[in-house]
Amino acid sequence: MLKMQNFDRYLCRAVNRVGMLPLKKTRWTIMKKYYHVCSLGLEKSLLFSDDQDFVTGVNDIAISLLKFDIKLICYCLMSNHFHFILYGEKQVCCDFANEYKRRCGIRLRINKMEVNALHNLIITVNELDNIEYIENAIAYVLRNPLAAKINIMPHHYQWSSADLYFRGSS
């Protein structure tokens with residue numbers, strides 16, 4: 001089992017092992033960059049209230065990705081908000097986030113009869129402009145369950161991509 005004090009070290013190795021980040025400084029393309037996309041937590045309602053909502057939420061990530069020329073580096077779905085690290089053009093990443101919000105809104109409208117539940121949901125898109133910032137943002141996203149006081153190792157939380165970083169090579 002992975003101890004939390006070693007988590008950062010393993011995360012950096014895992015990120016480099018899966019090839020998501022350049023190991024050396026490279027010339028960044030003008031348009032495509034890394035972004036941390038997240039929604040602010042809802043105070044009065046939940047985006048995901050049960051396992052079926054989370055399964056649909058993960059499926060909606062895949063469906064939404066099909067529409068846009070971006071790469072998903074990692075994600076974490078929490079009951080009242082979500083996080084994505086994306087690589088692409090800023091406007092395309094914003095469009096992805098809005099499509100994902102739209103799909104969540106449709107699910108809430110159909111299953112929970114919540115009309116306009118996400119109308120005021122604020123989504124932030126922050127550029128990650130250097131390797132250290134990218135690594136810290138990935139660690140933040142993958143550790144989000146710990147910040148929410150969910151007593152589970154990040155790579156065991158089933159509604160994030162942390163297990164893909166730490167699965168091993170077997």
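The values are calculated or read from the model by the stated rules, or taken from the named source; none is laboratory data. The structure displayed is predicted, hence computed values, not measured ones. Here Cβ is always computed from backbone atoms with ideal geometry, including for glycine, and neighbour counts include all displayed protein chains. The protein model used for the area step is the full one, side chains on, heavy atoms only, and it has no ligands, DNA or RNA in it. Shrake-Rupley method; radii C 1.70, N 1.55, O 1.52, S 1.80 Å.
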Item to complete: Order the following by accessible area, largest value first: Asp60, Asp51. Probe radius 1.4 Å; ligands, DNA and RNA are ignored.
Response: Asp51, Asp60
Worksheet, complete the sentence: Note to self: with every protein chain in place and a 1.4 Å probe, the stretch 59-116 gives an accessible area per residue in Å² of 47 Å²
Worksheet item: Along the charge dipole of the stretch 64-126, Cβ charges K/R +1 and D/E -1, which of Met78, Ile110, Ala97 sits furthest on the positive end?
Response: Ile110
Discussion item. If I compute solvent accessible area with a 1.4 Å probe over the protein chains, what percent of it on the stretch 45-170 is carbon and sulfur?
Written reply: 51 percent
